[in-house]
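Notes follow the structure.
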Amino acid sequence: MLKLPASLQRLINEFAKLPGVGPKSAQRLAFYLLKKDNVEILSLADSVRDVRTDITFCTECHNMAETDPCSVCSDKTRNHQLVCVVEEPLDAIALDKTGSYNGLFHILGGVLNPMEGITAEQLNIQSLVDRLAKLKATELIIATNPSLEGETTAMHIAKLLKDSPIKISRIARGLPMGGDLEYADEVTLQRALEGRREF
Ligand code: ZN
């Protein structure tokens, strides 16, 4: 019986494990790579390996980083009394790109979602509370996505901090309900930051 070479089959199997890649796409990707020259293939292989060896997570903000603490947390020109909490690293990148935010970030690593069994303990919430105290932060901007889970998480955080003197605000204006920060354009994000309202 005619079979695919074992190494090709192994590559197809690996691709098929990726999110959003079905068996057909996995085959297409593998055959596509097969036609590429050595340099291109090795460069891809290197990138895949380096992403695990070069990238770590900042123990302060939980963002992905090449150093610990990351370049943002160790940047003395930033306002270390202002913290913006977001769901995922890409949200922080999107907000930082607006150029109108000069504080620190804190990555939650998701949102509260009882249906999927995601509780506060699985998110970087306690470390946020501890960090705000350590930084003697004066303001926290809650920039979770404008979804049901994002709102629930924002409310949970605000409640935890209700007895602290820290000013808590929530970005809102201009962001559509159910939208995703990561995909919002820079002007909308900038307005959302500027139009933050106090909790
Ligand atoms: Zn950091």
Would you work out the relative contact order for the chain, in percent, from Cα pairs under 8 angstrom that are 6 or more residues apart?
-> 15 percent
Antiparallel DSSP beta bridges within the chain, percent to nearest 5 | 30 percent
Percentage relative contact order, region 52-170, counting C-alpha pairs under 8 Å, at least six apart | 23 percent
On a 0 to 90 degree scale, rounded to 10, what angle separates helix 6-16 from the longest Cα axis of the chain?
-> 30 degrees
FRET efficiency, 1/(1 + (r/R0)^6) with R0 30 Å, evaluated for Ala45 and Val187 via beta carbons | 0.15
Taking Rh as the Kirkwood radius, which is the inverse of the mean 1/r over Cα pairs, what is the Rg/Rh value for region 100-199?
-> 0.94
Surrounding charge for Gly99, neighbours by C-beta under 15 angstrom, Lys/Arg +1, Asp/Glu -1, total -2
Rough spin-label spacing in nm, given labels placed 7 Å along Cα→Cβ, for Asn102 and Lys36 | 4.2 nm
Given the convex hull over the Cα atoms of region 1-133, what projected area results after averaging over all orientations, in nm²?
-> 12.3 nm²
Candidates Ala137, Ala26, Ala92; GNM for the chain (alpha-carbon contacts under 10 Å) flags as most fluctuating Ala26
Filter the cross-link list Lys97/Lys167; Lys76/Lys97; Lys17/Lys76 down to pairs whose alpha-carbon distance in this structure exceeds 30 Å.
-> Lys17/Lys76
Taking the Cα centre of region 80-188 as the origin and placing charges on Cβ (Lys, Arg +1; Asp, Glu -1), which of Ser164, Ile125, Phe105 is farthest toward the positive end of the dipole?
-> Ser164
What is the set of long-range amide H partners of His106 at a cut-off below 5 Å, with H atoms built 1.01 Å from backbone N?
-> Cys84, Val85, Val86
Solvent-accessible area per residue for the chain (1.4 angstrom probe, square angstrom) = 62 Å²
Grab the beta carbon distance between Ala120 and Arg10, set R0 = 41 Å, and tell me the FRET efficiency rounded to 0.05.
-> 0.55
Mind checking the angle between helix 126-135 and the chain's longest principal axis? C-alpha axes, 0 to 90 degrees, to the nearest 10.
-> 60 degrees
Could you check how much of the accessible area of region 59-178 is carbon and sulfur, as a whole percent, using a 1.4 Å probe?
-> 56 percent
For Leu2 and Ala158, extending 7 Å from Cα along the Cα-Cβ vector and measuring point to point gives, in nm, a value of 6.5 nm
Estimated Rh, region 1-53: Kirkwood, alpha-carbon pairs, angstrom = 12.0 Å
Between 0 and 90°, nearest 10: helix 38-53 axis offset from the chain longest Cα axis | 40 degrees
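The values are calculated or read from the model by the stated rules, or taken from the named source; none is laboratory data. The model shown is predicted, which means the values in this text are computed figures rather than measured ones. Heads up, the Cβs are rebuilt from the backbone with ideal geometry, glycines too, and the neighbour counts pull from every protein chain shown. Please note that ligands, DNA and RNA were not included when accessible areas were found on the heavy atoms of the full protein model with its side chains. Shrake-Rupley method; radii C 1.70, N 1.55, O 1.52, S 1.80 Å.
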